[in-house]
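The structure under discussion appears below in the form of structure tokens.
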Amino acid sequence: MTRPAFAIAFAALLAVAGPAAAGEGMWTFDGFPAQRVNREFGTAVDQAWLDRVQAGAVRLAGGCSASLVSPEGLVLTNQHCARACAQTFSTPENDVLATGFSTRSREEERTCPGQQAEVLLTIEDVTPRVTAAGRGKTGQAYVQARDAAIGAIEQASCGDDPKLRCQVVTLHRGGQYKLHRFRKYSDVRLVWTPEHQAVVFGGDPDNFNFPRYALDAAFLRVYEDGRPASTPGHLSWSPRAPREQEPVFVVGNPGSTSRLKTVAQLEAERDQQLPAAIKRLSELRGRMIAFADAGEDNRRITRDALRGVENNLKSAVGRHAALGDRRFLAERRAGELRFLERTGDDRAAVAKAVTAIAAAQDAAVDLGPAYEWLESGAGQGSVLWGYARTLVRAAAERAKPAAQRMPEYAESRLSLLEKRTLDPRRIEPALEELYLRFWLSKTREALGTDAGEVQALLGRESPEALAARLVSSTRLADPAFRRALWEGGPAAVRASTDPLIQLAIRADGDARRVRNLWEERVEGPTDRNGEILAQARFKAFGDTTYPDATFSPRISFGRVEGWSQGGRRVPALTRISGLWTRATGAPPFDLAPRLAAARDRLDPDTVYTLATSNDIVGGNSGSPLLDAQGRVIGAIFDGNLPSLGGAYGYNLATNRAVAVSAMAVQEALEKVYDQPRLVAELNGTPRP
Amino acid sequence: MIRRALIAIAAFTGVASSAHAGEGMWTFDGFPAARVNRELGTRVDGAWLDRVRAGSVKLGGCSASLVSPDGLILTNNHCVDTCKQQLSTPERNYGRTGFLTASRAEERRCPGMVAEFLTGIEDVTPRVRTAIGTATGQARIKARDAEIAAIEGACGSDAKVRCQVVDLYRGGQFKLYRYRKYDDVRLAFAPEDAIANFGGDPDNFSFPRFALDAAFVRVYEGEAPGRTPFNLRWNAARPSAGAPVFVVGNPGATQRLQTLDQLRTTQDVVLPIDQLTRSELRGRLIAFGERSPENAFIAGDTLYGVENSYKRARGQMRALTDARFMAGKQAAEAELRRKVAASPKLKAELGDPWADIAAVQDDYAEVYPAYHFLELRAGGGSSLHGWARAIVRAATERAKPNGERLPEFTQSRLPSTQRSVLEARPVYPALDELELSYWLSKTREFLTVDDPQVKRLLGRDSPEVLARRLVAGTRLGDPAERKRLWEGGLAAVQASDDPLIRFALAADADARRVRAAWEERVAGPTDAAAERIARARFAVYGDRVYPDATGTLRITYGRIEGWRQDGRLIGPFTTFAGLYDRATGAPPFELPERWSASRRVDPQTVLDMTLSTDTIGGSSGSPALNAAGEVIGANFDSTFLSQRNAFGYDPTVNRSVIVTAEAITEALRKVYGQERLVAELTGAGGAGSMRP
């Protein structure tokens, strides 16, 4: 695996602060450097342009981005963002994920369980209110006061309006708190996906690779009151060939970056968090692969989850390799010292904050395993466990006053949580059992057989026997059963004899205890001191830089362009003809049947995918790729391998986003998947 | 869970000047007897050392001790796991039932197992040094290996003798080790896996521990038990805390003499690849085993090995990311470098070997993935692939003069390679397919799909399809076919249409190319610099330093003692009573029926204990000896924090874990009804005549 060549662009790298390089930055809509971008790119981005683009951009609550592309609520995203939905409609007899999901009329569009689409309306600075709440407090008290203030602001602003979602987003690691108001659509239906193999062509080997030949696009539709929502603010569809070097914009919700973290935090990622994640994901991957090998049905129920595990793993490996470059960390260390030198009178306070954050990372080493296995990663992907924990906690939390609740049970967040818990959803018991076995055995491994927390979980059973018993006898797969517990509150939960509910109750004390410790010794000190550093950065460098990614709407700019790798030029565009060359017939380089059958009909010169120098990260999946006029010419679905180091810094020379072109999507809709109705809707032409 | 906050840095020296009490895996010709006697109040002298050496055994990658005049050898159950597995079938599973014999006639030969006794050590440093001269890179390695082959070859062709030139102090010394070897080793007794490995992976590298990890094998000559001239005495008395103790065995490998830059590469490059690949393989093996009891049986031994290596490496990573531990290493390196810099003579003679090693690290990171996947770990553990590669390479190498061969095919080493290829052993195609397909997929993942080497390896196949085709089509599972190819040499190999032979032939060029690149760009320059660091260390500290472990016979000393962890004192002993308390009935805390049905053993018997001796993987099976040189137990493990032992000994936490002779004797008698073995051990016609 190539190591990201960080050494190249140190000067261009936003270490602790400093001016951003061309292409660099996941900018907020209220902080976009339009003038500079227009100067560099010859574009004409103004407030009206930004408003238009913001109104057409969508956040998908499942962790993706998307765009509105018709006046009747049609949404473009990636197939991999709609895959979990398609998977829930797949059966051994009718494997719609494999064959592609298609509809002949709107009546056939099907609601995706747990999905919600959100369009940003306004951003409001609430920094003074939030920082005032935390002032003078430390540790967990600080975390609770801050979270309570945030919950109150969200609730006050959106109330119980079913069409609105309010979220206070923490920016600059505590430097700013901004209230984001979204228009929300909680009925999101699946409209179309291509054949699965057309999307995952190249499989894990080609993931984060370019040149790439993946038709990673899908369409959803937002509904309101049982009818397609009216969305006049949609973006326009432009299925033309992208051009090398043309300016492009990506609007979406990058999930998380670590660019403003201190060196101690990066070392903790390198030495603790990433190695732990890599080992965990690797073993889970191995279990899933061998499980899938046992039969076609196992393969079918595992493929979506496996793909997710492999994606996360590859991303973690790439980030670990980036941090393994000791020159990179040395440069960051020097950057931290330079920052310290510019802080003037604040120097002592800043140095103290940096030290406190380092101490919090040491505490994280001690608390990390228990926190991960009992709290943040409990269940390891088991949907049933997720239901059990949510039901147990919601019962306890909803009985408390707003200010004392865990933040995920704040009034402003309950409606999405309820939807995700109660929406009917297909459960695969064998996969559930695999997750639970894995979680229980790894928890024992990490915390030790003799730990009280482990004995509370396992009793005298083995992880394998317990997992089997839980999955075979729980009734949580039944939405009516879940609803009864949600509505029945603490009394119903306490009275329940469901073994998974009982396990969640038994585990809750220890999980809360370690979470309290975590907030007191890790999260509290890190966030509190992060605020101090952010303020000092603003003082030293101004507040014109962009914040770390926070899965909130951002816009990034760049060009359609390739890069050089080991002296070799990688061009920006691939064409459909390249797919035929790369196909060997052996998985994962085998062609999807319908796509292969359409070979003669498809224009070989159609631009299939493209690389751009936009600054993106996981969460941007599904983001529209816009041209200078703000028209949709593609959808982001990946980055190249060097972009994985983008978690820590952007490198113009090598970081590339990867998109599937609108041109290829339209070509496939017309010539492979026979979707004239969708093509007409996208292009605003009369329906066939 | 053990935390890192325990290390008293003041008490910890890493590789600095003189070793600590308890520290050091000493060679028999370099044991600091006077100092040890002073510290422990013992009376170790040359005769004592000779006696102990004569009773110590190297058993493949394990250690053992000779405990009767009739060739009876004590080792760990986990050292005969593979043998047990090979003698078993899914229907007659000795892992589940234990391997018990009613008479010697029922003892069964372990395929491929060899027992070796060290009979002499001779210094050949000048010869090897002279041969190396001023060569660099791969030429240096070739010159060294050719001279080693010549020295070993000069030992002659006595089938009972093996000679091995051992590289000590990373090139500082070369010693010729001469062994008397026995290649007919038979299994005499092994307990059930459930008691030998009680607690399974969760308890591995843990203490308190409750495992009866002991087994007996016997060396044979002809059809008679080997009449060995000397054996160690068995002492089944209850051990007492604080008593001096020695562990004698063949610790496999340590990296204590590596520089900080090398350790960083271990941390950033080597361990991440190792741990990632082990984690996924572990997952695959677990899920494969879950499909059926037969699969669980097939994958069991391999899974155990993977989990053991995984946990050990986790402990090593813990040490490398422990700021206090690494500060100790830094201080030690800085001290040596300062002293070299302060001496104009040393400086002129040695230059700056630390800088030379630092300069190699980028190349290391670049070449290592290909070296790891195409050469070092090629085949991913598949024994079918291992045979194919050995047969293909042997055919080429045997045609060359001794001095030009790859070291593993020189005259002196060929017999053991040959035996490992030709010995009959069961093959489980499903496991080979899993291992091969895993290896191919990981190779593609790390070297990337468009790499020309990967394309040559896979052709247009997927890893899964190729693995299935190779395993389904190969006839190498048949020992007769292996013999035919081995004896037929290059002509037979080239004429073979066996898909795995064709595959190994095709893959050999890339594997040799990456091995050459590794030797030229990494191993050669590293060895050259390491040898100068060894000279620096001798010059500054004299011979008060011990060499890194090399899988050869060493002796380490210490006491029976516990340690302090999280402010809590952990005692050195566990008992059978504790075993019964810990048994939940759910695997891996489930007792075998012989144990659960009735409790015949004395509950106060000491089962396992910890020693402050300095051991590491390879030390498994080593006898623990009291001051009189009597066997009081067998080393089988160390604690989780001891895994830092690879990089430095830490007297506050490093502990070896021993199964006691007392517990073994009690179990043989009361649980297994093996009075015959007990009588042999105690040198008595009947039970009860224990010597003090």
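Computed from the coordinates by the stated procedures, all read-outs in this text should not be read as laboratory data. These figures come from a predicted structure and were not determined experimentally. Counting neighbours? That spans all protein chains shown, and the Cβs are built from the backbone with ideal geometry, glycine included.
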(request) In whole Hz, with x marking every Gly and Pro, tabulate ³J(HN,Hα) for the range B:33-39 from phi via Karplus 6.51 cos²θ - 1.76 cosθ + 1.60, θ = phi - 60°. (result) 4, 4, 5, 5, 4, 5, 6
(request) Enter the Cα centre distance for the pair the range A:380-415 and the range A:226-302, rounded to the nearest angstrom. (result) 25 Å
(message) Helix-only mean residue ellipticity at 222 nm, chain A, DSSP H runs n ≥ 4 weighted -39,500 (n - 2.57), per residue, nearest 500. What is it?
(response) -14000 deg cm²/dmol
(message) If you average 1/r across every pair of different Cα atoms in the range B:518-559 and take the reciprocal, what Kirkwood value do you get, in Å?
(response) 12.5 Å
(message) Can you give me the C-alpha center-to-center distance between the range B:524-543 and the range A:497-558, rounded to a whole angstrom?
(response) 49 Å
(request) Could you rank the peptides B:619-628, A:538-547, A:353-362, B:562-571 by their average count of other C-beta atoms within 10 Å per residue, with the highest value first? (result) B:619-628, A:353-362, A:538-547, B:562-571
(request) Would you work out which of A:231, A:641, B:22 lies farthest towards the positive end of the dipole of the protein assembly as shown? Charges go on Cβ: Lys and Arg +1, Asp and Glu -1. (result) B:22
(request) Starting at the first residue of the range A:196-203, write each ³J(HN,Hα) from the Karplus equation 6.51 cos²θ - 1.76 cosθ + 1.60 with θ = phi - 60°, in whole Hz, x for Gly and Pro. (result) 4, 5, 5, 8, 9, 3, x, x
(message) Per residue of the range B:124-131, what does 6.51 cos²θ - 1.76 cosθ + 1.60 with θ = phi - 60° give for ³J(HN,Hα)? Whole Hz please, x for Gly and Pro, Karplus curve as stated.
(response) 10, 3, x, 4, 5, 4, 4, 5
(message) Across the range B:476-519, what fraction of all alpha-carbon pairs, as a whole percent, falls in each successive 10 Å bin from zero upward?
(response) 26, 44, 25, 6
(request) Express the C-alpha Rg of the range A:55-204 as a ratio against the empirical globular expectation 2.2 N^0.38 Å, rounded to two decimals. (result) 1.33
(message) In whole Å, what are the extents of the range B:353-433 along the principal axes defined by its C-alpha atoms, from largest to smallest?
(response) 49, 37, 18
(request) Determine the relative contact order of chain B: mean sequence separation of Cα pairs under 8 Å and six or more apart, normalised by residue count, in whole percent. (result) 27 percent
(request) Sum up the charges of everything whose Cβ sits under 11 Å from the Cβ of residue B:316, counting Lys and Arg as +1 and Asp and Glu as -1, but leave residue B:316 out. (result) +3
(request) Lys and Arg at +1, Asp and Glu at -1: add these up for the other residues within a Cβ distance under 11 Å of residue B:46 and post the number. (result) -1
(request) Using amide H atoms built 1.01 Å from N in the peptide plane, name the residues 5+ places from residue A:164, or on other chains, whose amide H lies under 5 Å from its own. (result) A:184
(request) Report the Stokes-Einstein translational diffusion coefficient (µm² s⁻¹, integer) for the range A:150-208, Rh taken as the Kirkwood radius over Cα pairs, at 20 °C with viscosity 1.002 mPa s. (result) 141 µm²/s
(message) Quick check: Cα centre of the range B:565-625 to Cα centre of the range A:472-493, how many Å?
(response) 45 Å
(request) Would you work out which of A:214, B:105, A:468 lies farthest towards the positive end of the dipole of the protein assembly as shown? Charges go on Cβ: Lys and Arg +1, Asp and Glu -1. (result) B:105
(request) Spit out the partnerless Cys residues in chain B, using Cβ distances under 4.7 Å as the pairing rule. (result) none
(message) Under a Cβ-only charge scheme (Lys and Arg +1, Asp and Glu -1), can you give me the dipole magnitude of the range A:291-411 about the Cα centre, in debye to the nearest 20?
(response) 200 debye
(request) Search the structure for amide H atoms under 5 Å from the amide H of residue A:558, placed 1.01 Å from N in the peptide plane, and list their residues when 5 or more places away or on another chain. (result) A:248
(message) Positive end of the dipole of chain B, charges at C-beta (+1 Lys, Arg; -1 Asp, Glu), about the Cα centre: which of B:642, B:220, B:381 has its Cα farthest in that direction?
(response) B:642
(message) What distance in nm separates the two pseudo spin-label positions at residue B:238 and residue A:355, each 7 Å out from Cα along the beta-carbon direction?
(response) 5.3 nm
(message) Taking just the alpha carbons, could you work out the radius of gyration and Dmax for chain A, both in angstroms?
(response) 24.5, 71
(request) Determine the equivalent ellipsoid of the range B:205-249 by diagonalising the alpha-carbon gyration tensor, then write out the semi-axes as square roots of 5 times the eigenvalues, largest first, rounded to whole Å. (result) 29, 16, 10
(request) Ignore the peptide's own chain and count Cβ atoms of other chains within 10 Å of each Cβ in B:437-450; give me the average, rounded. (result) 3
(request) Find the Rg to Rh ratio for the range A:314-425, where Rh is the Kirkwood radius over alpha-carbon pairs and Rg uses the same atoms. (result) 1.13
(message) Within 10 Å of each candidate Cβ there may be at most 13 other Cβ atoms; applying that plus a DSSP loop requirement, which chymotrypsin sites (Phe, Trp or Tyr not before Pro) in the range B:255-330 survive?
(response) none
(message) Report D for the range B:420-490 in µm² per second (integer): Stokes-Einstein, Kirkwood Rh on Cα pairs, 25 °C, 0.890 mPa s.
(response) 181 µm²/s
(request) First select every other residue whose beta carbon is under 10 angstrom from the beta carbon of residue A:547; then total the charges, Lys and Arg +1, Asp and Glu -1. (result) +2
(message) Within 10 Å of each Cβ in A:274-281, how many Cβ atoms from other chains are there, averaged over the peptide?
(response) 4
(message) Above 39 Å lies some portion of the pair distances; for chain B, what is it as a whole percent of all C-alpha pairs?
(response) 32 percent
(message) Let me check the size of the range A:510-628 from its C-alpha atoms; what are the radius of gyration and Dmax in Å?
(response) 23.2, 64
(message) Charges at C-beta only: +1 for Lys and Arg, -1 for Asp and Glu. How large is the resulting dipole of the range B:372-471 about its Cα centre, in Debye rounded to 20?
(response) 280 debye
(request) Determine the shielding of peptide A:290-299 by partner chains: average, over its residues, the number of Cβ atoms on other chains within 10 angstrom of each Cβ. (result) 4
(request) Determine, at each q value in 0.08 (inverse angstroms), the log₁₀ of I(q)/I(0) that the Debye formula gives when each Cα of the protein assembly as shown is one equal point scatterer. (result) -1.05
(request) Pull up all non-local amide H partners of residue A:570: gap of 5 or more, or a different chain, and H-to-H distance under 5 Å with H placed in the peptide plane. (result) A:563, A:564, A:565
